[in-house]
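Down below is the structure, laid out as structure tokens.
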Amino acid sequence: MTVPSDRPYEFHAFDVSYFSAKVRPALRYKRVWYDEIRADVRYIKQRTGLAFIPMLITPDDEAWQDSTDIYDRLEARHPEPPLFPATPLQRIAAHLIELYTDEFALIPAMHYRWGSELGESSARARFIAMIGDEEIGTQAAKRMAQARLALGANDNNAPAIEAHTRDLLDALNAHFENHPYLLGERMSFADCALMGPIDGHFFTDLVSRKLLLETARPVVGWIERCNQPNSPEQGTWLANDSLAPTLSAVLKVMGEDAVPLLMACLEVFENWADTAPRDQERLPRTIGQVESSLRGLPVGRFVGIYLPFLAQRVLDDYSALDAEARKTVDSAIAGTGWERVLAHKPRHRLTKRGFEIVFADE
Ligand SMILES: N[C@@H](CCC(=O)N[C@@H](CS)C(=O)NCC(=O)O)C(=O)O
């Protein structure tokens with residue numbers, strides 16, 4: 001495809017936005033010419049019908065929305081340097097990390113931003129300054145503090161969220177002490193995805209930034225590398241489609257803590273979809289409520305339709321593998337908790353119609 005180069009991409013984003021932080025490193029890694037523009041939700045909605053940040057406008061004026069779609073489209077237009085590993089195990093591992101970041105890591109991210117007095121007051125100050133209006137900024141902060149509860153973080157389960165984060169940072173520290181990126185010496189979409197919670201929230205917010213600077217210097221080094229990727233100088237992903245043992249340890253912290261909740265959400269979705277009308281113009285954003293637990297403490301959250309859509313993406317890649325490749329993946333993933341997700345057999349298929357997730361014909 002010819003790429004018009006007389007105009008930059010427009011990246012409509014916010015510095016404090018999780019999913020903007022997930023896309024930004026991919027743009028830098030790909031070395032595309034882009035302008036970052038403060039998101040105007042009304043304009044985004046006008047272009048896509050959905051008020052989600054970020055959005056990318058291409059030089060030929062297409063609107064791209066949804067970080068996973070943006071990765072796919074960037075990769076198709078700018079295949080070099082690659083974001084997506086071509087080998088089965090590294091590719092599935094990267095997908096699982098993305099599933100964790102998009103659907104679970106929001107919980108610790110919202111906890112550290114909104115779940116303490118210092119977190120809340122400093123994030124509120126930032127929102128007010130960013131929006132430039134005391135009242136509107138305060139309202140936005142209030143909505144976000146409520147979203148923390150809807151996503152499953154609360155005062156009661158805060159100790160479990162913090163213990164999870166501690167273990168995740170320890171595992172990532174051990175990994176980044178020996179490897180510059182998750183899959184070796186080259187970035188992939190797994191690194192970009194993990195930058196959502198870690199750069200977009202943890203390193204942006206006062207309470208968690210202190211935690212990172214005091215206890216996770218290797219992780220901070222990785223943030224710096226992802227933000228200035230200098231991709232021509234990067235090396236390669238680990239040889240022979242292998243995962244570093246330290247990455248398997250990271251996957252295990254993610255899998256053991258996230259998978260029970262993710263599976264419970266998938267079950268709520270399947271049951272809802274068994275009887276949901278198929279002719280809906282637009283599926284509801286949330287389709288139910290789930291009760292699960294994290295390290296023995298209850299976590300209740302709403303169930304959305306994005307998780308089954310994202311899980312389907314991983315499962316499609318997994319089921320396209322031949323038997324031998326699947327065996328390799330299975331034995332590498334065994335014991336991490338993620339095997340339950342790979343064994344999931346969805347009864348319903350979703351697809352995108354324009355920017356909306358809808359039922360695929362069944
Ligand atoms: N699936 C979307 C999610 C984007 C998203 O949720 N963005 C947040 C900001 S970081 C947002 O716009 N939230 C508004 C809302 O939830 O109504 C993606 O991957 O880009």
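Give me the residue from region 235-245 that is in a helix (DSSP H, G or I) and surrounded by fewer than 18 Cβ atoms within 10 Å (Cβ to Cβ) and, out of that set, nearest to the chain's Cα centre (by Cα). That would be Pro245. Of all residues in region 125-159, those that are within 30 Å of Glu291 (Cβ to Cβ) and either in contact with a Gly (Cβ under 7 Å, 6 or more places away or on another chain) or assigned to a loop (DSSP other than H, G, I, E, B) (or both) total 9.
Here is a yes/no grid of residues against (1) surrounded by fewer than 22 Cβ atoms within 10 Å (Cβ to Cβ); (2) within 19 Å of the chain's Cα centre (by Cα); (3) in the same structural domain as Ser17 (by TED's automatic domain parsing); (4) farther than 16 Å from Val250 by Cβ:
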{"site": "Ala145", "(1), (2), (3), (4)": "yes, no, no, yes"}
{"site": "Asn157", "(1), (2), (3), (4)": "no, no, no, yes"}
{"site": "Leu168", "(1), (2), (3), (4)": "no, yes, no, no"}
{"site": "His179", "(1), (2), (3), (4)": "yes, no, no, no"}
{"site": "Pro197", "(1), (2), (3), (4)": "no, yes, no, no"}
{"site": "His201", "(1), (2), (3), (4)": "no, yes, no, yes"}
{"site": "Cys226", "(1), (2), (3), (4)": "no, yes, no, no"}
{"site": "Glu233", "(1), (2), (3), (4)": "yes, no, no, yes"}
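Looking only at region 11-36, filter to residues that are part of a strand (DSSP E or B) and within 21 Å of the chain's Cα centre (by Cα); which one of those is nearest to the ligand (Cβ to nearest atom)? Taking the candidates together, the pick is Ala13. Once region 171-208 is narrowed to residues that are within 16 Å of the ligand (Cβ to nearest atom) and part of a loop (DSSP other than H, G, I, E, B), the residue that is nearest to Val16 (Cα to Cα) is Thr204. None of Val329, Val290, Val314 is outside any helix (DSSP H, G or I) and surrounded by 19 or more Cβ atoms within 10 Å (Cβ to Cβ) except Val290. Can you confirm whether region 341-353 contains a residue that is assigned to a helix (DSSP H, G or I) and at pLDDT 95 or above? Within region 341-353 (the criterion being assigned to a helix (DSSP H, G or I) and at pLDDT 95 or above), the answer is yes, since at least one residue qualifies.
For region 26-35, the count of residues that are farther than 21 Å from Pro229 by Cβ and either buried (at least 18 other Cβ atoms within 10 Å of the Cβ) or modelled with pLDDT under 95 (or both) is zero.
Scanning region 132-155 turns up at least one residue that is in contact with a Leu (Cβ under 8 Å, 6 or more places away or on another chain) and of a type outside the set (Lys, Arg).
The listed residues are Pro85, Pro8, and the only one of them that is buried (at least 18 other Cβ atoms within 10 Å of the Cβ), in contact (Cβ under 8 Å) with a residue 40 or more places away in the chain and more than 16 Å from the ligand (Cβ to nearest atom) turns out to be Pro85. Among the criteria (1) in contact (Cβ under 8 Å) with a residue 60 or more places away in the chain; (2) surrounded by fewer than 20 Cβ atoms within 10 Å (Cβ to Cβ), the one Ile131 does not fulfil is (1). Of all residues being in a helix (DSSP H, G or I) and within 8 Å of the ligand (Cβ to nearest atom) in region 45-68, which is surrounded by the most Cβ atoms within 10 Å (Cβ to Cβ)? Just the residue, please. Looking at the filtered set, the residue picked out is Ser67.
The values are calculated or read from the model by the stated rules, or taken from the named source; none is laboratory data. Only a predicted model underlies this, so the values are computations on that prediction, with no experimental measurement involved. Neighbour counts run over all protein chains shown; Cβ positions are idealised from the backbone, glycine included.
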